[in-house]
1. Give the residue that is surrounded by the most Cβ atoms within 10 Å (Cβ to Cβ), with candidates limited to residues of region B:161-182 that are within 14 Å of chain C (Cβ to nearest Cβ) and in contact with an Asp or Glu (Cβ under 7 Å, 6 or more places away or on another chain).
2. How about region C:207-256: which of its residues are free of Cβ contacts under 8 Å to residues at least 12 places away in the same chain, open to solvent by 10 Å² or more (accessible area, probe 1.4 Å) and either at positive phi or within 13 Å of another protein chain (Cβ to nearest Cβ) (or both)?
3. Where residues in region A:49-90 are assigned to a helix (DSSP H, G or I) and among the charged types (D, E, K, R), which of them is surrounded by the most Cβ atoms within 10 Å (Cβ to Cβ)?
4. With respect to residue B:100, determine if the residue is among the aliphatic types (A, V, I, L, M) and within 14 Å of chain C (Cβ to nearest Cβ).
5. Would you please list the contacts, defined by Cβ atoms under 7 Å and residues six or more apart or on different chains, that run from a residue in region B:55-69 that is surrounded by 18 or more Cβ atoms within 10 Å (Cβ to Cβ) to a residue that is of a type in the set (Ser, Thr, Tyr) and part of a strand (DSSP E or B)?
6. For residue B:41, indicate whether it is farther than 23 Å from residue A:173 by Cβ and assigned to a loop (DSSP other than H, G, I, E, B).
7. Any chance you could count how many residues in region C:11-27 are modelled with pLDDT of 75 or more and open to solvent by 60 Å² or more (accessible area, probe 1.4 Å)?
8. Can you list residue pairs whose Cβ atoms sit under 6 Å apart, with the first residue in region A:183-208 being within 14 Å of chain B (Cβ to nearest Cβ) and part of a helix (DSSP H, G or I) and the second being modelled with pLDDT under 90 and surrounded by fewer than 19 Cβ atoms within 10 Å (Cβ to Cβ)? Count only pairs 6 or more apart in sequence or on different chains.
Amino acid sequence: MKRLNYRTKAVILAAALIVILVFLYALGSLIPESAVAGSFLEAGQPPSRKHLFGTDSLGRDLFLRTLKGMSLSLTVGFSASMISAVIAVVVGVIAATGSKRADAVINWVIDLVMSVPHTILVILISFAMGRGLKGLLIGIAATHWCSLARLIRGEVLQLRSQQYAAVSRKLGKSSGWILIHHLLPHLLPQFLIGLILMLLHAILHEAAISFLGFGLPPEQSAIGIILSESMRYLSAGMWWSAMLPGLSLVLIVLLVDRLGERLRTVLDPYSAQE
Amino acid sequence: MKLEAKKVSFRYDRKRPWVLENLELSVNEGERLALLAPSGYGKTTLAMLLAGYLRPQEGEILLDGKPLPQKGVCPVQLIYQHPEKAINPRWRLRKVLEEAGAFSEETLSSFGIEPDWLSRFPRELSGGELQRFCVARALLSGPKFLICDEISAMLDTVTQAQLWRRILEEGERQPLGMIVITHNLFLAKQVCTRGYDLEKGESIEL
Amino acid sequence: MEEKKRPLLEIRDLSVSFSMYSHGLEQRDLQVISDLHLKVFPGEIVAVAGSSGSGKSLLASAILGILPENAQVQGEMYYEGEKLDHDRQERLRGTEIALVPQSVAYLDPLMKVGRQADGHRKPRPIAKRKNLFRRLGLPDRTERLYPFQLSGGMARRVLVSTALITDAKLIIADEPTPGMSLKEALAALRMFREMADTGKAVILITHDIDLAFEFADRIAVFYAGTTVETAPASDFKAGPDALRHPYSKALWSALPQNGFHLIEGVQPYAGNLPKGCLFAPRCPYCTEKCKETLPPVREVRGGEVRCWREA
């Protein structure tokens with residue numbers, strides 16, 4: 001068999017990572033709510049063959065709750081970072097191509113958002129937006145676009161000064177045409193890698209905010225909620241209720257991080273050389 | 001048709017010295033004017049002014065007595081020295097030509113473009129081959145004047161001769177005025193009808 | 001006169017190829033330099049002239065050992081009779097072998113050019129540099145400018161000065177003259193001539209062959225990544241009859257001052273080189289033998305050529 005080259009390997013790995021993430025997401029969302037209903041007879045059991053991650057103080061199976069939690073994390077993370085990335089592109093392009101004043105205003109807003117710690121801002125926004133899933137989504141989406149927007153602004157400024165973009169204008173093409181045909185295709189790598197990096201942040205922020213009690217309602221099977229509940233019982237010796245769901249969160253973050261790394265290899269022209 | 005620069009002055013910044021001052025220049029349809037000057041005399045700046053890429057602070061660039069249109073296809077087209085910068089590296093070369101308009105097989109061969117280059121990416125072609133695309137693209141848009149800024153300075157002599165042969169043939173087919181910026185007096189003698197020395201500000205017999 | 005001097009640099013059968021991704025995930029090899037031979041003696045200027053995209057700049061990188069990582073190099077190089085391997089290249093780079101780079105992009109955009117020309121040498125060779133700048137026709141204020149403030153031709157002269165300020169025995173100048181007017185180009189080349197006359201060797205990579213044969217001692221003609229002919233500059237002045245390879249003759253005749261004659265066709269693509277002589281597809285004298293086998297390097301009338309016709 002022909003030896004696989006560097007790039008092919010990266011593509012295969014990235015595809016495998018996406019399959020794993022989709023699989024985890026599907027698994028969690030297929031579990032019915034009834035399956036995680038607890039029975040007090042089984043409350044506080046350590047991991048066993050029947051309950052791989054043990055059960056919590058209400059007798060709910062922690063493995064199933066964790067799976068549902070991971071699925072929820074991915075949903076929240078992906079939707080929030082997708083919205084954020086689209087905001088980043090729109091804002092970045094407007095800053096680079098619009099009037100000087102628009103650019104100044106956008107830069108000022110970016111500085112403002114970036115100067116406040118994310119966690120506090122997410123808490124404030126999601127509180128104002130009525131907590132719950134919607135509040136959390138808006139909170140995360142509204143705070144994560146800044147650095148990507150700045151990156152895209154710089155990239156567009158540089159692309160716009162390219163000779164081929166100037167030639168295009170003299171061939172009678174409109175600004176919109178140039179934007180779509182010359183500029184946006186160049187932004188795809190930044191967009192995708194930015195998206196994955198944001199996904200990472202969004203998942204962690206979702207967990208952190210829920211852990212602090214400002215995010216999702218306590219009946220939801222979210223990893224943040226599970227961890228926050230387990231805190232009360234840690235001193236009672238229920239180590240599994242924090243450790244195993246916690247490790248699952250780390251696993252998801254690692255998977256996403258690897259995916260970002262692989263995508264960078266595939267998209268970056270410099271790493272394209274062996 | 002006549003392209004003229006009337007008392008044109010230009011500088012990039014108010015704090016910096018004038019790159020060009022009170023420049024007077026005019027080229028008629030069918031004429032090929034060579035602009036000769038040492039480096040630092042604003043040759044590239046002048047090329048960009050004439051093609052409407054830059055606007056002079058003082059004076060004006062007129063085509064048949066009217067300023068260049070700011071929108072639509074510009075009747076004055078500029079060809080740059082480095083073709084690899086003037087072509088989007090992510091585009092296949094078919095798209096590069098299509099940007100200027102529809103083209104036929106015949107046009108391709110008259111510019112010395114092989115049909116199978118169209119499906120390639122720019123990095124798979126040499127500078128001379130890419131420059132043919134830049135020339136073809138400029139001429140496909142149907143210009144009245146062509147500004148050539150050292151377009152063959154990076155090419156070997158054979159490729160240079162090939163490129164100019166095509167441009168001159170095309171220039172005879174359609175009435176075209178040309179401004180050729182070069183440092184090579186011999187080249188100017190081969191391809192131009194008259195010359196102008198930017199440094200001294202006077203015409204040269206070719 | 002000495003009988004046969006030892007070459008300062010000798011390159012034998014150098015080949016450089018890159019593996020590149022062509023479409024999607026497919027890789028293919030691009031042979032950018034093939035079986036190249038070149039000798040450079042102390043005290044001479046060898047001009048490397050030829051078609052654009054024929055691998056001339058890569059030759060400079062190969063000698064200095066600064067090729068990109070995905071390049072595969074075959075063949076041998078000798079410097080002062082000893083093998084030039086990677087360690088030695090690293091030691092000699094910038095001290096014994098200096099490069100005049102091709103583009104302004106090689107200058108640090110945040111440093112004034114006077115400082116850059118001085119380099120890390122201590123004490124700073126200010127007087128020497130000022131003198132060099134003056135002889136290259138750079139006004140005194142140049143040393144206080146940043147690279148973006150220079151015009152193309154000025155930037156090239158600054159680049160030239162960065163190499164001339166070293167005590168290198170071998171100077172490789174990669175396209176030092178484009179963007180300069182004839183007068184400036186002549187001034188820069190005259191400096192290389194002076195350097196060579198003090199016993200240094202200069203490899204002048206250029207496509208301005210008319211300038212090259214005014215100043216060089218020998219000219220190596222490049223085509224599709226190899227030297228098809230190496231001839232004394234006087235042969236180029238004498239005209240096509242003194243030259244050996246059909247491509248050298250074509251280059252000469254295509255000069256605007258020599259009639260602007262052209263031959264049709266294009267240089268083969270590095271991913272798809274012909275099997276035999278690389279010039280065969282465009283050669284008016286091409287035979288079956290030329291298509292099948294690459295001609296070896298042979299000495300003909302005081303020059304070296306790769307052509308079956310000169311057998």
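The values are calculated or read from the model by the stated rules, or taken from the named source; none is laboratory data. Remember, predicted model here, so these are calculated numbers, not experimental data. Backbone-built Cβ (ideal geometry, glycine too); neighbour counts: all protein chains shown. Side chains included, ligands, DNA and RNA excluded: accessible areas come from the protein's heavy atoms. Shrake-Rupley method; radii C 1.70, N 1.55, O 1.52, S 1.80 Å.
1. Top of the filtered list is B:181.
2. If the condition is that a residue be free of Cβ contacts under 8 Å to residues at least 12 places away in the same chain, open to solvent by 10 Å² or more (accessible area, probe 1.4 Å) and either at positive phi or within 13 Å of another protein chain (Cβ to nearest Cβ) (or both), then C:249 is the only one that fits.
3. Keep residues of region A:49-90 that are assigned to a helix (DSSP H, G or I), which gives A:62-90.
When the remaining residues are screened for being among the charged types (D, E, K, R), the result is A:65, A:68.
On the way: A:65: 27, A:68: 24.
Out of the qualifying residues, it is A:65.
4. Values: among the aliphatic types (A, V, I, L, M): yes; within 14 Å of chain C (Cβ to nearest Cβ): no.
Here the answer is no, as residue B:100 does not meet what is asked.
5. Close Cβ pairs (under 7 Å, with a partner that is of a type in the set (Ser, Thr, Tyr) and part of a strand (DSSP E or B)) amount to B:56/B:9; B:59/B:9.
6. Values: farther than 23 Å from residue A:173 by Cβ: yes; assigned to a loop (DSSP other than H, G, I, E, B): yes.
Answer is yes for this residue.
7. To start, the set of residues in region C:11-27 that are modelled with pLDDT of 75 or more comprises C:11-19.
Within this subset, residues satisfying the condition of being open to solvent by 60 Å² or more (accessible area, probe 1.4 Å) are C:12-13.
Within region C:11-27, residues that are modelled with pLDDT of 75 or more and open to solvent by 60 Å² or more (accessible area, probe 1.4 Å) number 2.
8. A:185/B:90; A:189/A:267
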